[in-house]
Amino acid sequence: MFYTIVHWIKQQKTLLLKWLLCIFHATLLLVVSYLLWNKSYSWGNENELLRKLYTVQKILNINQPAGDENVVLINVSFDKELVEIYDEYEIPMGTIDITDRSKLYRLFDVLGKESSYKYILCDISLNKKYVTDSDSLLENRIETMQKIRFAHVDDEENPEGGSLAGEKTSYVGYTKTFLVDDFFKYEFIHRGQPTLAYDMWKDLTSGQMERKGFSYKLNGKMAVNSVILSFPFIETRLYDEEGNKTIYNLGEDILNSMADEDIVALCADKIVLIGSFFEQDIHTTVVGELPGVLINYNAYLALLNNDPRIPKLMLLLIFVVYFIMTSAIVFSKGLTDIIPDRLFKIDIRFIEIILTWFGYTFIMMLLCVLCYLFVGVYLDILIIASWFTFLETIFKILNSTRRLKPTN
């Protein structure tokens, strides 16, 4: 009787340790998943799946934030000027075309006198290495303006020393990998630098995103630093269905065709988006080709709609799925255990591993679809599926070794 009780206690202790192991592993994987969400890229080429999910999301009208139509779009693709460029020894190398800074000055001079606009988001890098006759006037005018933000691309560049806009510049860019060359995620804080959309959101709302340890908080709530944009605002047409102008060319449509008071009236109480809408700054996204200025604006809308926040219910769902899959492995109920033994007359471990990997990939894909459609969070499928496959394989080898061990 005594030995029976001792044996029962040992069994319960072993069982408790296994359950604790499952809880620990599921929690650890949840933390790893969170770290992967914060990366500005995906570890697999999953853009095609994302495009399909985006289409389904639009059709079903699920998790669709409202876009702000109160904007003015100004295109600078066709307003260029040639400037000379020099090598490190100040020897001329030729010319390069940049956005016409004299036209930018004229626009900002008109808008700066009234300051009736809501905000100016200018996806243009006013790099000082390109010198024009309008630089001094433009720099002085920008210095006096409020609610305006410019872009700089090189994250190694000192914005204050490298741009005519001085401190009114923010980082823009996205990470490419050998698998993914398209725009995939928008990062709000890049290597400690605030990005363009984040600075705009902070200027207009006084909101705050901060990093604490390995996690991020958006206005005190748990959030992620990188998000897949839902693109509530897309406008790349020159005219709408009624024939009204939707995108204004800086030179021909505004400076050469409107009086100063008309320009002020056009931009009054509106967000002014300035960038190249048709050439140069065009990027491939899940919704097709989009100019960089619209990507940055949609990232601002994502912050406005609290898209980076992570619902606790979603974290609970992911934890439960991870816990169930871990428990199945720990208690020797792996995915391939449900397949009849007669299908494996020959012991082919490689085929079994492949089937296991496909099984976990399918489960992660279902979980990813639910999270993306209803919350907008995209899970990294391949890494988690591969890890569970590896874990199940190791446990099966260990269990097989124990069974083959001879009795003394």
| task | Quick one: in the range 95-120, of everything that is of a type in the set (D, E, K, R) and not in a helix (DSSP H, G or I), which residue is most open to solvent (accessible area, probe 1.4 Å)? | result | Lys118
| message | Please go through (1) under 21 Å from Lys18 (Cβ atoms); (2) at pLDDT 75 or above; (3) open to solvent by less than 60 Å² (accessible area, probe 1.4 Å) for Ser400 and return the number of the only condition it doesn't satisfy. | response | (2)
| request: Return the residue satisfying two criteria in turn: it lies in the range 83-94 and is part of a strand (DSSP E or B) and closer than 21 Å to Ser163 by Cβ, and of such residues it is least open to solvent (accessible area, probe 1.4 Å). | output: Val83
| field | Among the residues listed as Val369, Val377, the single one being open to solvent by less than 50 Å² (accessible area, probe 1.4 Å), touching a helix residue (DSSP H, G or I) at 6+ places or on another chain (Cβ under 7 Å), closer than 28 Å to Val224 by Cα and outside any helix (DSSP H, G or I) | value | Val377
| task | With respect to Asn306, determine if the residue is in contact with a Lys or Arg (Cβ under 9 Å, 6 or more places away or on another chain), modelled with pLDDT under 90 and surrounded by fewer than 15 Cβ atoms within 10 Å (Cβ to Cβ). | result | yes
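Hey, could you check the range 155-201 for residues that are among the polar types (S, T, N, Q) and at pLDDT below 90 and say which is surrounded by the most Cβ atoms within 10 Å (Cβ to Cβ)?
It comes out as Ser163.
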| task | Report yes if some residue within the range 238-250 is over 31 Å from the mean Cα position of the chain (by Cα) and open to solvent by 80 Å² or more (accessible area, probe 1.4 Å); otherwise report no. | result | yes
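The values are calculated or read from the model by the stated rules, or taken from the named source; none is laboratory data. Predicted, not measured: the structure shown is a model, and the values here were computed from it. Reconstructed Cβ throughout: ideal geometry from the backbone, glycine too, with neighbour counts over all protein chains shown. For the accessible areas, the whole protein counts, side chains as well, though only heavy atoms, and no ligand, DNA or RNA atoms are used. Shrake-Rupley method; radii C 1.70, N 1.55, O 1.52, S 1.80 Å.
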